[in-house]
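Trainee: Sharing a structure with you now.
The values are calculated or read from the model by the stated rules, or taken from the named source; none is laboratory data. Keep in mind that what you see is a predicted model, and the values were worked out from it rather than measured. Ideal geometry is used to build each Cβ from the backbone, glycine not excepted, and the neighbour counts take in all protein chains shown. Surface accessibility is based on the protein's heavy atoms, side chains included, excluding ligands, DNA and RNA. Shrake-Rupley method; radii C 1.70, N 1.55, O 1.52, S 1.80 Å.
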Amino acid sequence: MSEFWLISAPGDKENLQALERMNSVTSKSNLSHNTKFTIPDFKVGTLDSLVGLSDELGKLDTFAESLIKRMAQSVVEVMEDSKGKAQENLLANGVDLTSFVTHFEWDMAKYPAKQPLVSVVDTLAKQLAQIETDLKSRTAAYSVLKANLENLEKKSTGNLFTRTLSDIVSKEDFVLDSEYLITLLVIVPKSSYAQWQKTYESLSDMVVPRSTKLIAEDNEGGLFTVTLFRKVIEDFKVKAKENKFIVREFYYDEKEIKREREEMTRLLSDKKQQYGPLLRWLKVNFSEAFIAWIHIKALRVFVESVLRYGLPVNFQAVLLQPHKKSATKRLREVLNSVFRHLDEVAAASILDASVEIPGLQLSNQDYFPYVYFHIDLSLLD
């Protein structure tokens with residue numbers, strides 16, 4: 001499973017023994033794989049500042065998760081025909097996401113632990129905000145290019161009633177530069193080919209005999225040329241429609257056809273040029289955003305553990321990876337049983353602090369006696 005539970009318990013002897021019991025039970029029952037999750041010692045600051053950070057980190061956590069989901073989706077959209085290989089590009093520090101989470105180490109170079117917690121959180125928030133800004137601008141430009149290209153491609157893949165005809169017809173199909181004559185294009189149902197050949201010359205006066213030619217077909221019908229005098233165009237259209245022959249509004253313009261082809265070539269070239277740099281940017285910055293997200297999870301564990309268990313800072317964080325979805329209920333029961341003694345400790349710390357800490361009300365159905373956070377990587381599949 002690509003789901004993780006990040007928990008913490010006080011680091012005193014009693015609770016370290018509880019952690020050992022948890023590891024023993026979950027291992028024997030094949031419920032989860034557990035590893036220590038190392039978090040550095042940060043400058044704690046005041047209780048009020050921690051309460052404020054708790055709320056800010058909760059919002060930042062949600063924002064970071066949303067951002068990496070959007071980036072993962074952008075990778076899928078950019079790769080198009082290679083969507084099945086998108087997961088290969090969703091890495092963190094060059095390794096798969098599961099490996100990064102299970103071998104997490106705090107990046108002291110990017111986020112110095114000696115700085116005040118507020119500064120560390122601010123660095124993470126600014127980093128993610130900049131990535132989001134860049135993501136919007138880069139994907140917007142690529143999306144416009146892709147949409148313009150798709151619109152042109154649709155024009156060349158529809159049926160004869162809607163598709164562009166510039167890549168079907170040629171100069172030789174038309175009478176051009178004539179003051180009196182004009183060549184029209186007519187769509188004829190397949191079942192009416194014989195009727196067209198018999199009647200097209202008599203649909204109106206002044207139709208040039210033997211001037212029709214089939215130049216294209218699709219599943220529904222064929223595209224025929226017919227040459228006639230300009231003065232009878234409207235009359236011919238009416239009579240053709242009465243016989244279920246549809247005149248396509250198309251007049252051969254060499255410059256316009258050349259412009260369409262050049263536009264298609266340009267868009268294909270621009271898309272090819274943008275594809276590589278955009279995919280590389282997405283890969284690099286997805287990694288950065290994901291790494292930042294896991295650091296935020298670590299910060300949340302630290303802040304909530306201090307608020308929950310008090311000072312001095314002394315707790316042990318553990319990462320659990322449930323082995324299967326069906327085992328999560330049993331795993332939760334084991335954790336709640338092993339750490340149920342923390343209920344009284346948590347309740348007492350709230351009363352002593354004389355401050356309301358979100359998530360610690362004992363009546364709340366989402367309350368656990370230990371600090372708990374969820375990491376679900378399946379959201380990125």
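Trainee: Accessible area per residue for the range 1-150 in Å², computed with a 1.4 Å probe and the full protein assembly in place, what is it?
Mentor: Per-residue value: 52 Å².
Trainee: How tilted is helix 47-79 with respect to the longest principal axis of the chain? Cα atoms for both, answer in degrees (0 to 90, nearest 10).
Mentor: That helix lies at roughly 30 degrees to the long axis.
Trainee: Return the carbon/sulfur percentage of the accessible area of the chain, one whole number, probe 1.4 Å, all protein chains in place.
Mentor: Answer for the chain: carbon and sulfur cover 51 percent of the accessible area.
Trainee: Å³ per residue of the Cα convex hull, for the chain?
Mentor: Cα-based convex hull of the chain, divided per residue, equals 206 Å³.
Trainee: Next question. What does the accessible area per residue of the range 241-321 come to in Å², with a 1.4 Å probe and no ligands, DNA or RNA counted?
Mentor: 50
Trainee: Kirkwood Rh, Cα Rg: Rg to Rh for the range 180-286?
Mentor: Working: Rg = 21.5 Å, Rh = 16.7 Å.
Here Rg/Rh amounts to 1.28.
Trainee: Then there's this: What residues from the range 1-19 fall in the zone where the backbone N is under 17 Å from a label point 7 Å along the Cα-to-C-beta line of Ser337?
Mentor: Label zone hits: 18-19.
Trainee: Right, something else. Among the listed pairs Lys136/Lys272; Lys85/Lys329; Lys146/Lys325; Lys85/Lys154; Lys136/Lys255, which have their C-alpha atoms separated by more than 31 angstrom in this model?
Mentor: On the way: Lys136/Lys272 20 Å; Lys85/Lys329 33 Å; Lys146/Lys325 39 Å; Lys85/Lys154 26 Å; Lys136/Lys255 37 Å.
Where the Cα-Cα span goes over 31 Å, the pairs concerned are Lys85/Lys329; Lys146/Lys325; Lys136/Lys255.
Trainee: So, one more: Rounded to the nearest 20 Debye, what is the dipole magnitude of the range 150-289 about its Cα centre when Lys and Arg each give +1 and Asp and Glu each give -1 at the C-beta?
Mentor: Numbers: 24 positive and 24 negative charges, 62 e Å.
Its charge dipole is roughly 300 debye.
Trainee: Can you tell me the relative contact order of the chain? Whole percent, Cα pairs under 8 Å, sequence separation 6 or more. Don't jump to the answer; show the numbers that get you there.
Mentor: On the way: 460 pairs, mean separation 141.7, N = 381.
Reported relative contact order: 37 percent.
Trainee: What do you get for the angle between helix 13-28 and the principal long axis of the chain? Use alpha-carbon atoms, 0 to 90 degrees, nearest ten.
Mentor: For 13-28 against the chain, the angle is about 50 degrees.
Trainee: OK, next. Which one, Leu165, Ala92, Val121, projects farthest toward the positive side of the charge dipole computed for the chain from Cβ point charges (K/R +1, D/E -1)?
Mentor: Working it through, the farthest residue towards the positive pole turns out to be Leu165.
Trainee: Under a Cβ-only charge scheme (Lys and Arg +1, Asp and Glu -1), can you give me the dipole magnitude of the range 74-119 about the Cα centre, in debye to the nearest 20?
Mentor: Numbers: 4 positive and 7 negative charges, 57 e Å.
With Lys and Arg at +1 and Asp and Glu at -1, about 280 debye.
Trainee: Give the lysines whose C-alpha is closer than 18 Å to that of Lys239, dropping any in the same chain fewer than 8 places away, or say none.
Mentor: Partners within reach: Lys198, Lys231.
Trainee: Helix 233-242 against the longest principal axis of the chain: what's the angle in degrees, Cα atoms only, rounded to the nearest 10?
Mentor: 70
Trainee: If you place +1 on the Cβ of every Lys and Arg, -1 on the Cβ of every Asp and Glu, and leave all else neutral, what size is the dipole of the range 1-120 about its Cα centre, to the nearest 20 Debye?
Mentor: Working: 12 positive and 17 negative charges, 44 e Å.
Magnitude of the dipole: close to 220 debye.
Trainee: Using only DSSP helix segments of four residues or longer, with each worth -39500 (n - 2.57), what per-residue ellipticity at 222 nm results for the chain after dividing by its residue count and rounding to 500? Please list the in-between numbers first.
Mentor: Details: 9 runs with 190 residues, N = 381.
Here the helix-only value at 222 nm equals -17500 deg cm²/dmol.
Trainee: Please list, by residue number, every one of the chymotrypsin sites (Phe, Trp or Tyr not before Pro) in the range 207-256 that is coil in DSSP and has at most 14 other beta-carbon atoms within 10 Å. Walk me through the intermediate numbers first.
Mentor: Working: sites: Phe224, Phe229, Phe236, Phe245, Phe250, Tyr251, Tyr252; in loops: Phe245, Phe250, Tyr251, Tyr252.
Filter output for the range 207-256: Tyr251.
Trainee: Using the Cα centre of the range 1-146 as origin and beta-carbon charges of +1 (Lys, Arg) and -1 (Asp, Glu), tell me which of Thr139, Ile68, Gly52 is placed farthest towards the positive end of the dipole.
Mentor: Thr139
Trainee: Hey, in the GNM for the chain with a 10 angstrom Cα cutoff, which one of Ser204, Ser305, Ser27 fluctuates hardest?
Mentor: Between Ser204, Ser305, Ser27, it is Ser204 that shows the largest mean-square fluctuation.
Trainee: Another question, then. Just the number, please: Stokes-Einstein D of the range 25-170 in µm²/s, Kirkwood Rh from C-alpha pairs, 4 °C, 1.567 mPa s.
Mentor: Working: Rh = 20.0 Å.
Roughly 65 µm²/s, to the nearest whole number.
Trainee: What percent do you get for the relative contact order of the range 149-248 when only Cα pairs under 8 Å and 6+ apart count?
Mentor: So the answer I get is 31 percent.
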